[in-house]
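The values are calculated or read from the model by the stated rules, or taken from the named source; none is laboratory data. Note that the structure is predicted; figures quoted are calculated from it, not measured. Heads up, the Cβs are rebuilt from the backbone with ideal geometry, glycines too, and the neighbour counts pull from every protein chain shown. For accessibility, only protein heavy atoms count, side chains too; no ligands or nucleic acids. Shrake-Rupley method; radii C 1.70, N 1.55, O 1.52, S 1.80 Å.
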Amino acid sequence: MSEANNDWLYEITPKRKVIDLNLKEIWRYRDLLILFVKRDIVTVYKQTILGPLWYFIQPLFTSIIFTLVFNNIASIPTGNVPSFLFNLTGITAWNYFNQCLTGTSNTFTANAGIFGKVYFPRVIMPLKTVISNLFKFGIQLLILIIFYCYFLFNGADLSPNSNLILFPVYVLMMALLGLGAGMTISALTTKYRDLTVLVGFATTLLMYISAVPYPLSEVSEKMPDWAWLVKYNPLTQIIEGFRYMVLDTGTFTWSGFFYTLGVSVILFLIGLIIFNRTEKNFIDTV
């Protein structure tokens, strides 16, 4: 009997560790993960007229609207940085987090059919969303680089700084925050479907308290009593840090950086714990 048990690649047991990412099993199913990632990239805009051009259109039009409303009408200053480039930089960083959050927040409800028929590590589904969104993030980053070079050649006072080496860490923090919050919401929506409606509304509000369309210094100056709400939002630290390393403008502190990194890891671990517990019996409630 012991020899027969040794032939199994893995065992599905009712008891699991509190924090169990199960990297070995994910690696064993890496081909499935790659297949899901390819499917997301290829099929999302397969039957659309403009196709992948939507990756370009969304950040460009959002940046134009932000520039008209917040900088031209509301007269929010962006220093020596062109207001359009200021907004495009913040939106590029925000979009990756937002896509990771919204893409993983309905994991259980959207995949109930396949989860109920085939076994594979359930965490692969939110992981493939985060990885496939890197492709979209890369395209939008290319747009940012193109406009960065355009304004630079036209005499704008722009220069990245040494913090640019932290770029992979900022991407990781955005992924962990989106993945952690998304897995938590996904687990909760198996019982409370109202949260699916709330996510879209909440992410819009979250963008406005994450210093995306304005610099952190402005809210500290004009609304000092409420500045803490924006300042201690980990997404604000990411947006400001992203602008600081790319445009050399904004607010950056090492304490804020490590605070955001710590919050990102903790939120991811909390989301993973809730996700793992929910996957045992979610099929009875979905």
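Numbers for the structure displayed
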{"read-out": "Residue identified as assigned to a helix (DSSP H, G or I) and either farther than 23 Å from Phe137 by Cα or among the aromatic types (Phe, Trp, Tyr) (or both) among Thr203, Thr236, Thr196, Thr260", "value": "Thr196"}
{"read-out": "Meets criteria (of a type outside the set (Gly, Ala, Ser) and in a helix (DSSP H, G or I)) for Phe120", "value": "no"}
{"read-out": "One residue from Phe86, Phe36 being over 30 Å from Thr190 (Cα atoms) and at pLDDT 85 or above", "value": "Phe86"}
{"read-out": "Filter pass, Leu127 being among the hydrophobic types (A, V, I, L, M, F, W, C), free of Cβ contacts under 8 Å to residues at least 12 places away in the same chain and open to solvent by 10 Å² or more (accessible area, probe 1.4 Å)", "value": "no"}
{"read-out": "Sole exception among (1) surrounded by fewer than 21 Cβ atoms within 10 Å (Cβ to Cβ); (2) closer than 30 Å to Val37 by Cα; (3) not charged (D, E, K, R) for Thr104, by number", "value": "(1)"}
{"read-out": "Flag if Thr249 is polar (S, T, N, Q), closer than 18 Å to Leu88 by Cβ and at pLDDT below 90", "value": "yes"}
{"read-out": "Within segment 55-87, tally of residues that are assigned to a helix (DSSP H, G or I), hydroxyl-bearing (Ser, Thr, Tyr) and under 19 Å from Phe242 (Cα atoms)", "value": "4"}
{"read-out": "Search result, residues across segment 116-129 that are over 20 Å from Tyr96 (Cβ atoms) and at pLDDT 75 or above", "value": "Lys117, Val118, Tyr119, Phe120, Pro121, Arg122"}
{"read-out": "Output for segment 172-199, where each listed residue is surrounded by fewer than 18 Cβ atoms within 10 Å (Cβ to Cβ) and closer than 30 Å to Asn80 by Cβ", "value": "Leu172"}
